[in-house]
1. With loop defined by DSSP as not H, G, I, E or B, and exposure as at most 11 other Cβ atoms within 10 Å, which is the longest segment of chain A clear of exposed GluC sites (Glu not before Pro)?
2. Which aspartates and glutamates does B:LYS238 reach when only Cα atoms under 15 Å apart count, and residues fewer than 8 places away in its own chain are ignored?
3. Per residue of B:29-41, how many C-beta atoms from partner chains lie within 10 Å of its own C-beta, taken as a mean?
4. Between the range A:103-161 and the range B:220-267, what is the C-alpha centre distance in whole Å?
5. By the gyration tensor of its Cα atoms, with a ≥ b ≥ c the square roots of the eigenvalues, what is the shape of chain A: rounded for a/c under 1.5, prolate for a/b over b/c, or oblate?
6. Kindly identify the range A:332-423 as rounded, prolate or oblate by the Cα gyration tensor criterion: order the square roots of the eigenvalues as a ≥ b ≥ c, call it rounded if a/c is under 1.5, otherwise compare a/b with b/c, prolate if a/b is larger, else oblate.
7. Which value in nm describes the separation of the simple spin-label points at A:VAL306 and B:VAL280, placed 7 Å from the Cα toward the beta carbon?
8. Taking N as the number of residues in the range A:248-292, what is its Cα Rg relative to 2.2 N^0.38 Å?
Amino acid sequence: MTGQKKPAGYWLLVLHAHLPYVRHPEYPDFLEEDWLYEAITETYLPLLEIFENLARDGVFFRLTMTITPSLAGMLSDKLLQDRYTARLNKLVELAEKEVWRTKNLPQFSATARMYEKKLKNARRLWEKYHGNILTGFKRLQDEGFLEIITCCATHGFLPLAIHRQAQRAQLSIATADYQRHFGRRPRGIWLAECAYQPEIDEELARQKLRFFFLEAHGILYASPRPRYGVFAPVFCPSGVAAFGRDLETAHQVWSADTGYPGDGDYREFYRDVGYDLDYDYIKPYLHSDGVRRNVGLKYYRITGRVPLDKKEPYNPEWASNKAAEHAGNFMFNREKQIEYLASIMDRQPVVVSMYDAELFGHWWFEGPDFLNFLFRKIHYDQKTIKTITPTEYLQIYPRNQIVSPAASSWGDKGYFEVWLNGSNDYIYRHLHKASERMVELARKFSRPSDQERRALNQAARELLLAQSSDWAFIMTTGTMIEYARKRTQDHLLNFNQLYDQILNRRIEENFLKDLEYRNNIFPEIDYRVYAG
Amino acid sequence: MVKSVSSGKIVRETGTKPSPTGLPAAYGETKLVILPRDPLWIFAYWEIDDLTRKELKKKFGANYSASRYALRVYDVTDIDFDGSNAHAYFDVQINPDANNWYINCQKTNRAWCVDLGLILPDGKFYPIIRSNVVKMPRVGISPIIDEKWGILQKEFEQLMQLSGLERIGKSSFDVVKLMKERWEEIVAVSLPSSLAVSSFRLQPKKGAAKKDFWLKADTELIVYGSTERDAVLTVQGKKVNLRDDGSFSLRFSLPDGVIDIPIEARSADKKMGKKIIFKVSRKSVKG
């Protein structure tokens, strides 16, 4: 890049990839494990493929990606890998059958062939990494294209965890686990739900984390006033940098009316062969209960505001053209935005766009194509903007304003209500009690026996799993509520039983073994982090 | 966060173990905790153990049943609260059976501490247990200007507008919400409709307005058969996996036109083979 003119500013893309830890070895077939399998097929593998191809083609690109500890745990888990392999093979089989079924249906045959090709590509990539795609993402990080950041260990919502030790454990277990997967310490973190309150930055500094991300008003309502709005990072009193979210780019992608993913040419999520095709034909690809559900092959486009039976057939070529057009539009808007910002700022601005990774592919089927077109266009078609990682930006601008950001989250209404309302507030008294008890145990048992140490570590796992913000979130949004309530309850009850057994020095080996087998997250966990 | 919007449960028959049900109703302690929900609202939860309640009854005798439980909310902004130095306070009467409450604090950018106590018949407040202190999320542009990072007011305002100051809290961006909105939109445009195909989740409303008389029909073709269990079978040149007993079954869509379906089986040692060709034609006549 030497000899080139400095860009007017930077675009910093953050994709937050996260799923709660769902792994049920005790059942041969478990519905909620689909969250992972669908995300691998539709998001993680397509993104990995696109990034690898960009790198291969010599396209300059940078992006930041959270791979949360719970997601990394699942992606590196042998049982889930094997189950996914079987799942993917079945899907490929269905796609092959579909190519055949539709060969005389010109309106669907191209789409069927597209699925066959995409799924076979996915399988090739999956096999290339022997089922552990973390290796692929790690390589992209080692080559400098990607900055992988960590997250709270189980996506715990820090401002609502009142015990300092519980917050600290979410962070220190996460950074240790990152080391295990990626071979070095993480430089930055995504706070679960971007939930922040003053002084959490001190805990981040303790873990030697150098940056994190905030919703726009976390920066805009900071004190003193933020000199550059959200277009430059700030330093918290602890010295950790905070990058604020740009709302313009958020709207361009997320807005239900005007956002890209709602375009009529894009694939309709809700019209799926799992419902449309003859039952006997589709049954082998459904869960063992035989209930019709989405299987992932969809032949219709959004079309417009019409009922499902009025949707028109999907046209892969139109959709691809539209993704390219939207990428061009997005880039043009960034150029204009950054040119203008550069004219009123005395430094190069950085525009931070933060999205759930699973938006790209799972929900917005053409999202990965959009990113592919976008990075290529940014590389070949203009010189105003460049993509960048937080670490790189902080190297260019090591001096930043020191402010105290405001408590905030990226959830509805901007604060904590999504995770604290009538549907889920009952969990906090139990979570807090369990945290308090975990601290008590960790302090009491500084020289445990082997079995006690295992039980103490398992108690920490159960507490962490209960703390996933996902459960409170699901209770609010109203789908799969029962599962979320049950997970919260099960982990808390497991914790309480372990607590009693440890304190009374009556550990039941079978009980402990069974929990270690089922809830195996963080194999290298050390409960003593709670003693601090 | 969870991306799936499908709902429904799998019936889990295997290995189900009876697990202890329900979370503890109480932990046998007297405790009050407050959490901020947003800049204005606090969530409080508490527990009063039996011993404490007994002592209160003993202490106040007949006055106990004439007393009311209340939360006293102290404004403790920027002070080290000692119970008597609050800037101000207000009381919230609570239901005696409640163990949690949402409190509207009415003022922003403050710090709060709460006592749970009894309001005695003479109006005096008797505190039972004190909460933690919460500093509420601060809202609004800070009045404090950093001299080292000075900027003209006009330019600052411009940057604030560009940063999206007017959009704060007005919309959320999460996949689940987006997907739900889209689904609700589809449902909204789908009702009433009498044309929904029965296998969709959308059922036409009963008694919906009468539409024109209609008919829909289509054809599919099933090809089935069997051969030696270890034979290699191809249909239209593509390999087909045989079931364990050597049988096979395939479905095709059958539009108008002529379709050739050659079926070929070869023995495992490739020495023998058989071939059958179906020629299928369909022609629609509407009337």
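Throughout, read-outs are computed from the coordinates displayed, never taken from laboratory work. Source: prediction; values computed, not measured. Positions of Cβ are generated from backbone atoms using ideal geometry, with glycine treated the same way; all protein chains shown enter the neighbour counts.
1. Details: sites that count: A:GLU143, A:GLU524.
Longest run free of exposed loop sites: A:144-523.
2. List returned: A:GLU93, A:GLU96, A:GLU98, A:GLU116, B:ASP260, B:GLU264.
3. Counting Cβ atoms of other protein chains within 10 Å of each residue's Cβ and averaging gives 5.
4. Their Cα centres are 34 Å away from one another.
5. oblate
6. Details: a/c = 2.38, a/b = 1.19, b/c = 2.01.
Note, shape of the range A:332-423 comes out oblate.
7. Result for the modelled spin labels: 2.8 nm.
8. Taking N as the residue count of the range A:248-292, the ratio is 1.74.
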